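Notes follow once the structure below has been shown.
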Amino acid sequence: MDLNKLIAELEEKNPAQPLYIQAAKEVLETIVDFVNENPKYDKYSIVERILEPERIIQFKVTWVDDNGKIHVNRAFRVQHNMAIGPYKGGCRFHKSVNQDSMKFLAFEQTFKNSLTTLPMGGGKGGSDFDPTGKSEGEMMRFCQAFMTELQKYLGPETDVPAGDIGVSGREVAWMFGQYKRIRGEHVGVLTGKTLNLGGSLIRPEATGFGAIYFLQGMLAAKGDTIAGKKVVLSGFGNVTWGAALKCEELGAKVIAISGPDGYILDEDGITGDKVVYLTELLGTRNNVVAPYATKYPKAKFIAGKKSWEVPCDVAIPCAIQNELNKEDAEKLIANGCQYVVEASNMGCTADAIHVLQTNKVSFAPGKAANAGGVATSGLEMTQNSMKLAWTREEVDEKLKAIMSNIHANCVKYGTEKDGYINYVKGANIAGFIKVADAMIEQGVI
Ligand code: GLU
């Protein structure tokens, strides 16, 4: 493959889509040598084919607020690649949602889902609807209106959405109800469902748990352990919550979390009831973390700043794309941070990753480190198909095994001559192989 030509075409074909270009370019740059060593991929034009989403659906969502005013939002489902299973990926409700962010997320999802080894293709959906300050009734009406259109393109063997930013079990349940009302089928067409609707135990915590299991692999690869490590997180949603719970269980100390308004520094550690309080804060849908410092006066609230300025051993972005930039990476390195684990999708900018890798910081990309969420969604699909429910222990054991296998694959394909593990390269190559080979086996489709 001709890297420069492909990048030039990518840029030309996707004008004004910087996120998609960023995600795709990173993959191209890291798989180029592997692809050139294996001529079958060029023979079947696999790279060119993987760069093009199979389908992009854009639709209008009209809903009525509590005052009777009608609103219109834009919504998407990007069905990126179905080579290894039904399209699978969450739905994001956030004001930043547009075709670019949906495309990059669906693209990432294809590689991530492949890494899990479960039969799931890649997709992503969402809307530029902003849940901040919305009442329960408004949220429900929006979810129903969203699903009224989206259901046309879904099915348990076709496309299986889940949650993402702004969409938790409550919203998934409302969407499930609307799908059932329209289609008359009680089927596993969504994951991240509440337990009563066929949801899986551990699913809400899974992304955070999985990221910490992956971190354990990174630490072990350097002969280190998690106990006693100082951890800084961003965000205060499901992912942050799961990561904080697992850190506490394994003896690491989470000292900072953040929201759009600034960050909380709690040197005593964010543990126990404080972690529960994070979920209450999230439940208010006001999108602020400042009240934490009022409730726990020993903690400090630093307005308008990011948690990456806090000295730590491990930094875990858990919020949104490009939330950690080059300056943040330089600050983390100067403060002695040795591990950066993306629990968010593409949480670091390309130049932040470059700085981290150049300084030999262990860096895990989201498609590997946060795959525990969708992996557990895959386990939810399996349970729904079998019409059985596994125990917490059974799900957790499978999740651990999947994360450890992803880590091993990153090591296999990403270890460089000097022994440094390039997890970005490892994840991209390992994720690519299964999808690419499945595409070849299916012929020109
Ligand atoms: N939104 C999550 C992700 O980015 C989970 C997707 C899913 O469970 O389908 O991977």
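The values are calculated or read from the model by the stated rules, or taken from the named source; none is laboratory data. This is a predicted model, so every value here is computed, not measured. Note that we place each Cβ from the backbone using ideal geometry, even for glycine, and neighbour counts take in every protein chain shown. Accessible surface is based on the protein model in full, side chains and every heavy atom, while ligands, DNA and RNA are left aside. Shrake-Rupley method; radii C 1.70, N 1.55, O 1.52, S 1.80 Å.
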Exercise. Principal axes first, then extents: for the Cα atoms of the range 288-352, list largest minus smallest coordinate on each axis, whole Å, largest first.
Key: 36, 24, 18
Exercise. Quick one: plug the Kirkwood hydrodynamic radius of the range 327-374 (C-alpha pairs) into Stokes-Einstein at 37 °C, 0.692 mPa s, and report D in µm²/s.
Key: 303
Exercise. Taking the Cα centre of the chain as origin, work out the dipole magnitude from +1 charges on Lys and Arg Cβ and -1 charges on Asp and Glu Cβ, in debye rounded to 20.
Key: 740
Self-check item: Within a Gaussian network of the chain (alpha carbon springs, distance under 10 Å), most fluctuating of GLY262, GLY68, GLY336
Solution: GLY68
Practice problem: Take the alpha-carbon positions of the range 279-437, form their convex hull, and give its projected area averaged over all directions (one quarter of the hull surface) in nm². | Solution: 12.6
Quiz item: If you wrap the range 246-319's Cα atoms in a convex hull and average its projection over all directions, what's the area in nm²?
Solution: 4.8
Exercise. Order these peptides, 169-182, 117-130, 387-400, by their mean beta-carbon neighbour count within 10 angstrom, highest first.
Key: 117-130, 169-182, 387-400
Practice problem: Per DSSP H run of at least 4 residues, take -39500 (n - 2.57); add these up for the chain, divide by its residues and hand me the 222 nm value, nearest 500 deg cm²/dmol. | Solution: -15000 deg cm²/dmol
Quiz item: Thinking of the range 347-408 as a set of Cα atoms, what percent of all their pairs are more than 19 Å apart?
Solution: 46
Exercise. Throw me the Rg/Rh for the chain, computed over C-alpha atoms with Kirkwood Rh, two decimals.
Key: 0.95
Quiz item: Just the accessible area per residue of the range 347-414, please: how many Å² with a 1.4 Å probe?
Solution: 39
Practice problem: Based on alpha-carbon positions alone, could you give the equivalent ellipsoid semi-axes of the range 162-301 from the gyration tensor, as √(5λ), descending, whole Å? | Solution: 31, 20, 10
Quiz prompt | Burial order of peptide ranges 131-144, 418-431, 230-243 (average beta-carbon count within 10 Å, highest first) | solution = 230-243, 418-431, 131-144
Practice problem: Calculate what fraction, in whole %, of the accessible area of the range 367-431 sits on carbon and sulfur atoms when a 1.4 Å probe is rolled over the protein chains. | Solution: 54
Quiz item: What's the Cα-based Rg to Rh of the range 377-445, Rh via Kirkwood?
Solution: 1.13
Exercise. Would you list the P(r) distribution for the range 1-101, with all Cα-Cα distances sorted into 10 Å bins from 0 and each bin expressed as a whole %?
Key: 12, 36, 30, 13, 6, 3, 0
